[in-house]
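The values are calculated or read from the model by the stated rules, or taken from the named source; none is laboratory data. All values reported here derive from a predicted model rather than from experimental measurement. Quick reminder, even Gly has a Cβ in these numbers, built from the backbone with ideal geometry, and neighbours come from all protein chains shown. These area figures cover heavy atoms from the full protein model, side chains too; ligands, DNA and RNA do not enter into them. Shrake-Rupley method; radii C 1.70, N 1.55, O 1.52, S 1.80 Å.
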Amino acid sequence: MIAHLFNAPLGESETAVGVGTVGSSEAIMLAGLAFKRKWQKKRKAEGKPCDQPNIVTGANVQVCWEKFPRYFEVELKEVKLREGYYVMDPEKAVEMVDENTICVAAILGSTLNGEFEDVKLLNDLLTEKNKETGWETPIHVDAASGGFIAAIGEEHQC
Ligand SMILES: Cc1ncc(COP(=O)(O)O)c(C=O)c1O
């Protein structure tokens, strides 16, 4: 029902996989846990330690991104903001990624000023780093507010 509500491009015989939550914080807790478990599973299979997971975000994130690592024993690595630049810098974020990074979180609709972060550049840089290192660090896009408008292609805009 939810997939149809959001016009997910599903074929006749396809079924959507996902979960409805009461808000973005719950969605982020569940997504964060899924990232952590997936990373742990991969690390175990490789015979590598999996007890020091971390997550990379900008310092401008909504407070639920500080709650997730605290509740679920993950280190929070925040990209600091600087004068005149109040969202996560994708280059700095990717520099902070290491083998223990379970995901990089970007936000569409920064909590401080509503600005969209550069997810495309983040993805390009992270894809490059993943290729070089063999890691599979994913991105979580927190589209708590921006998700209602970001997904609209130009041809659908009023
Ligand atoms: C970017 C962002 N992420 C997460 C949240 C948390 O959402 P909720 O209050 O629905 O749990 C908010 C709420 O303002 C937000 O702006």
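General observations
- Selected from GLY18, LEU112, ALA34, residue furthest toward positive end of dipole (the chain; charges at beta carbon): ALA34
- Over 18 Å apart at the Cα level, from the set LYS42/LYS131; LYS48/LYS92; LYS41/LYS77; LYS92/LYS129; LYS36/LYS67, are LYS48/LYS92; LYS41/LYS77.
- Share antiparallel - DSSP beta bridges, region 11-130, percent rounded to 5: 20
- Per-atom-type breakdown for the chain gives carbon and sulfur 54% of the accessible area (1.4 Å probe, protein chains only).
- About its Cα centre, the chain has a charge dipole of approximately 700 debye under the convention of +1 per Lys or Arg Cβ and -1 per Asp or Glu Cβ, with nothing else charged.
- Estimated [θ] at 222 nm from DSSP helical runs (n ≥ 4, -39500 (n - 2.57)) normalised by residues in the chain, nearest 500: -11000 deg cm²/dmol
- Sequence ranges 75-82, 140-147, ranked by mean other-Cβ count within 10 angstrom, highest first: 140-147, 75-82
- Each peptide in 56-64, 89-97, 42-50 receives the mean, over its residues, of other Cβ atoms within 10 Å, and ordering these scores from highest gives 56-64, 89-97, 42-50.
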